[in-house]
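Worksheet for the structure shown next.
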Amino acid sequence: MKFTKMHGLGNDFIIIDGEAAQLQNPAETARRLCQRRFSVGADGLVLLFPSAEADVEMRIFNADGSEAEMCGNALRCVARYLAEKQAHRGEVVTVSTAAGLKEAHLLPGGLVRVNMGHPVLESERVPVSGPPRRVIAEEIEAGKEKFYYTAVSMGNPHCVIFLKEGQAASASSHGPLLEKHAFFPQGANVEFCRVNSPSEVVVSVWERGAGETLACGTGACAVVVAGVLQGLLERQAAVHLPGGTLQIEWCTNGQVYMEGPATFVYEGTVDGIQ
């Protein structure tokens, strides 16, 4: 089976196109192929299918085999893949996802700007347990450490934490605890943030089903939304992640736009996949 390896700021994916429909157990395939050192290695497996409503349908499986509703970095990679591997015509690529139809704009230099849609803030839709509300700077505890989190869904749930000055926390130590916290019935992606200025924020990410990653597109979007809601960030900000920087804009019409690179790594074939 042929595959293409791509990444967005180090958040890497195995893309299978054309033959994806032949996979009998995509979750198990993801677990096998995403193992670093033992296989191709990646944060996730991206499967592409024909779509009646878009240029392509995208399904994403995390390294642990769980299926994700959305992934911004994967979306940028898919858009560039279609442009260069399928000779897609035009500057706009439409992608059908489990979180709805998404639109990506191809820019010079391998950059892609994606309309990520409206953020979801209602707790019952993120989802977050408890009474219906907007969860903004509410207290949460992990590893005997107290944080204040804001809950945002960008098609997948995010727990955004702005660290206080001097507060020690890391994605690797506190991320696993918060991902599976009782507050999040479907789990959560977790972002730990330090604000440099109203237009710049430094973020580390623990992704649901993948662990600590170098970047998260939906997470970067959620960070800017949460920062605006808490009066910490402007609507247009640079989000600095371990793998690089994404430019995020939350427009006054409610739409969130993400701009960043999508990079080809290599192509190959794997045997014994069912």
Meets criteria (within 30 Å of Asn25 (Cα to Cα), surrounded by 17 or more Cβ atoms within 10 Å (Cβ to Cβ) and in contact with a helix residue (DSSP H, G or I) (Cβ under 7 Å, 6 or more places away or on another chain)) for Ala237: no
Qualifying positions in the stretch 6-60 - within 27 Å of Gly90 (Cα to Cα), open to solvent by 10 Å² or more (accessible area, probe 1.4 Å), among the aliphatic types (A, V, I, L, M) and in contact with a helix residue (DSSP H, G or I) (Cβ under 9 Å, 6 or more places away or on another chain): Leu9
Residues that are without any contact (Cβ under 8 Å) to a residue 60 or more places away in the chain and touching a Cys at 6+ places or on another chain (Cβ under 8 Å), drawn from the stretch 115-141: Ile140
Any hit, the stretch 242-255, residues being in contact with a Pro (Cβ under 9 Å, 6 or more places away or on another chain) and of a type in the set (D, E, K, R): no
Of all residues in the stretch 142-169 being touching a residue at least 60 places away in the same chain (Cβ under 8 Å) and not small (Gly, Ala, Ser), the one that is most open to solvent (accessible area, probe 1.4 Å): Phe162
Hits in the stretch 128-163 (condition: more than 19 Å from Gly227 (Cα to Cα) and not aliphatic (A, V, I, L, M)): Ser129, Gly130, Pro131, Pro132, Glu141, Gly143, Lys144, Glu145
Boolean, Val225 is hydrophobic (A, V, I, L, M, F, W, C), open to solvent by less than 50 Å² (accessible area, probe 1.4 Å) and over 13 Å from the mean Cα position of the chain (by Cα): yes
Lone qualifier among Gly155, Gly166 - being over 10 Å from Trp206 (Cβ atoms), assigned to a loop (DSSP other than H, G, I, E, B), in contact with a helix residue (DSSP H, G or I) (Cβ under 8 Å, 6 or more places away or on another chain) and not hydrophobic (A, V, I, L, M, F, W, C): Gly155
Given (1) of a type in the set (Val, Ile, Thr); (2) open to solvent by less than 10 Å² (accessible area, probe 1.4 Å); (3) over 24 Å from Cys71 (Cβ atoms), number of the condition Val203 does not satisfy: (3)
Some residue of the stretch 115-131 being of a type in the set (Asp, Glu), closer than 24 Å to Asn253 by Cα, at pLDDT 95 or above and surrounded by fewer than 20 Cβ atoms within 10 Å (Cβ to Cβ): yes
Pick from the stretch 240-270, criterion among the charged types (D, E, K, R) and in contact (Cβ under 8 Å) with a residue 60 or more places away in the chain, ranking: least open to solvent (accessible area, probe 1.4 Å): Glu259
Residue within the stretch 20-41 that is under 14 Å from the mean Cα position of the chain (by Cα), modelled with pLDDT of 95 or more and not β-branched (Val, Ile, Thr) present: no
Among (1) modelled with pLDDT under 95; (2) within 19 Å of the chain's Cα centre (by Cα) - the single one Ile273 does not satisfy: (2)
Residues of the stretch 61-104 classified as in a strand (DSSP E or B), open to solvent by 50 Å² or more (accessible area, probe 1.4 Å) and either in contact with a Leu (Cβ under 8 Å, 6 or more places away or on another chain) or in contact (Cβ under 8 Å) with a residue 24 or more places away in the chain (or both), total: 3
Residue within the stretch 170-191 that is under 18 Å from Val256 (Cα atoms), at pLDDT 95 or above, part of a loop (DSSP other than H, G, I, E, B) and open to solvent by less than 70 Å² (accessible area, probe 1.4 Å) present: no
Subset of the stretch 170-214 [free of Cβ contacts under 8 Å to residues at least 40 places away in the same chain and among the β-branched types (Val, Ile, Thr)]: Val190, Val195, Val201, Val202, Val203, Val205
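The values are calculated or read from the model by the stated rules, or taken from the named source; none is laboratory data. Model, not experiment: these values are computed from the prediction. Reconstructed Cβ throughout: ideal geometry from the backbone, glycine too, with neighbour counts over all protein chains shown. Heads up: the accessible areas ignore ligands, DNA and RNA and are worked out on the full protein's heavy atoms, side chains in. Shrake-Rupley method; radii C 1.70, N 1.55, O 1.52, S 1.80 Å.
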